[in-house]
Amino acid sequence: IEIKEESVIEFLKNYNYLELKKNNTKLGGSSLLKKDNTSAKMKNSYEDFFSSRRSIRMFSKEPVDNNLIIKCIDKALIGTPSVCNRNINKVYIVDDYEKRKLILSLQNGNEGFGIQAPKLLIITSKLNCFFNPMERRAPYIAGGMFSMSLVYALHSSSLACCCLNWDVLPEKDIRLKKLLNIKKETIIMLIAVGNYKSEYKVAISKKEPLKNVFKFIY
């Protein structure tokens, strides 16, 4: 494209470091992975298990066994620290296509792939397990910890999944609670679950350099 605007030309001259060099590490886009390679990695070592977990947005048409999901929920319950040993976690497993479609229409960020996952999980924390304003963050912290345990449990069972945030206006939150008859609970997040395709793409996700993440306090 031939640019005639002088201010744009000057900007490009001053910020030519923005040009992507061929030898630079790719920062965006997607990469193609194979199911067999992922399965082999997760059984190889702890490091490979954690590094092989990715957010999956491409699912096979193979159905997911409800009993397998229940086993994953059990693993997550056993492996997650609880607040004062309180039983706060609940998981709603949505099978029905039309209900999944309706629920996903309330969530921001699943367009084009969410409905392809044959299962949709809704994670909640029971609010009647908390007793005063000082505990106002606890349902979300504990619910988030349980959700992450569940994601790794699904991964250990070779199930593909994608976390879906529940950052919505109160109107949508109330609508989903009414739809699922949820009372005295707060919705933490949604998880789309399915089986892996033989080949699938994942988003390239560059992480913050490790040295910028931790800090020793002396």
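The values are calculated or read from the model by the stated rules, or taken from the named source; none is laboratory data. From a predicted model like this one, the values you see are computed outputs, not experimental measurements. Positions of Cβ are backbone-derived with ideal geometry, glycine not excepted, and every protein chain shown enters the neighbour counts. Accessible surface is based on the protein model in full, side chains and every heavy atom, while ligands, DNA and RNA are left aside. Shrake-Rupley method; radii C 1.70, N 1.55, O 1.52, S 1.80 Å.
Residue under question is E111, and the condition is that it be part of a loop (DSSP other than H, G, I, E, B), at pLDDT below 95 and not small (G, A, S); does it hold? Against the criterion (part of a loop (DSSP other than H, G, I, E, B), at pLDDT below 95 and not small (G, A, S)), E111 qualifies.
Sort out which residues of region 71-94 are more than 21 Å from T186 (Cα to Cα) and either open to solvent by 80 Å² or more (accessible area, probe 1.4 Å) or modelled with pLDDT of 95 or more (or both), and write them in order of number.
So the first thing to find is which residues in region 71-94 are more than 21 Å from T186 (Cα to Cα), and the list is 71-72, 75, 78-79.
If the condition is that a residue be more than 21 Å from T186 (Cα to Cα) and either open to solvent by 80 Å² or more (accessible area, probe 1.4 Å) or modelled with pLDDT of 95 or more (or both), then K71, C72, K75, I78 are the ones that fit.
S31 meets all of the listed conditions (1) open to solvent by less than 60 Å² (accessible area, probe 1.4 Å); (2) touching a helix residue (DSSP H, G or I) at 6+ places or on another chain (Cβ under 8 Å); (3) farther than 25 Å from P139 by Cα but one, namely (2). Regarding region 134-146, can at least one residue be identified that is within 29 Å of S45 (Cβ to Cβ), in contact (Cβ under 8 Å) with a residue 60 or more places away in the chain and open to solvent by 40 Å² or more (accessible area, probe 1.4 Å)? Yes, region 134-146 contains a residue that is within 29 Å of S45 (Cβ to Cβ), in contact (Cβ under 8 Å) with a residue 60 or more places away in the chain and open to solvent by 40 Å² or more (accessible area, probe 1.4 Å).
Tell me which residues, restricted to region 116-128, are in a helix (DSSP H, G or I) and more than 15 Å from I182 (Cα to Cα). Result: Q116, single match. Considering only residues in region 105-118 that are touching a residue at least 40 places away in the same chain (Cβ under 8 Å) and within 12 Å of A192 (Cα to Cα), the one that is most open to solvent (accessible area, probe 1.4 Å) turns out to be Q116.
The set of residues from region 60-83 being out of contact with any strand residue (DSSP E or B) (no Cβ under 6 Å at 6 or more places or on another chain) and of a type in the set (D, E) comprises D65, D74.
Checking the conditions here, which among L164, L154, L68 is outside any helix (DSSP H, G or I) and at pLDDT 95 or above?
Working: L154 fails: outside any helix (DSSP H, G or I); L68 fails: outside any helix (DSSP H, G or I).
The conditions single out L164.
Mind checking whether some residue in region 183-191 is touching a residue at least 60 places away in the same chain (Cβ under 8 Å) and over 25 Å from A76 (Cα atoms)? Full working, then the answer.
Within region 183-191, the first condition is being touching a residue at least 60 places away in the same chain (Cβ under 8 Å), and the residues that meet it are 185-191.
Narrowing further to those that are over 25 Å from A76 (Cα atoms): none.
Taking every residue of region 183-191 in turn, none turns out to be touching a residue at least 60 places away in the same chain (Cβ under 8 Å) and over 25 Å from A76 (Cα atoms).
The single condition among (1) outside any helix (DSSP H, G or I); (2) touching a Ser or Thr at 6+ places or on another chain (Cβ under 9 Å); (3) open to solvent by less than 90 Å² (accessible area, probe 1.4 Å) that L190 does not meet is (2).
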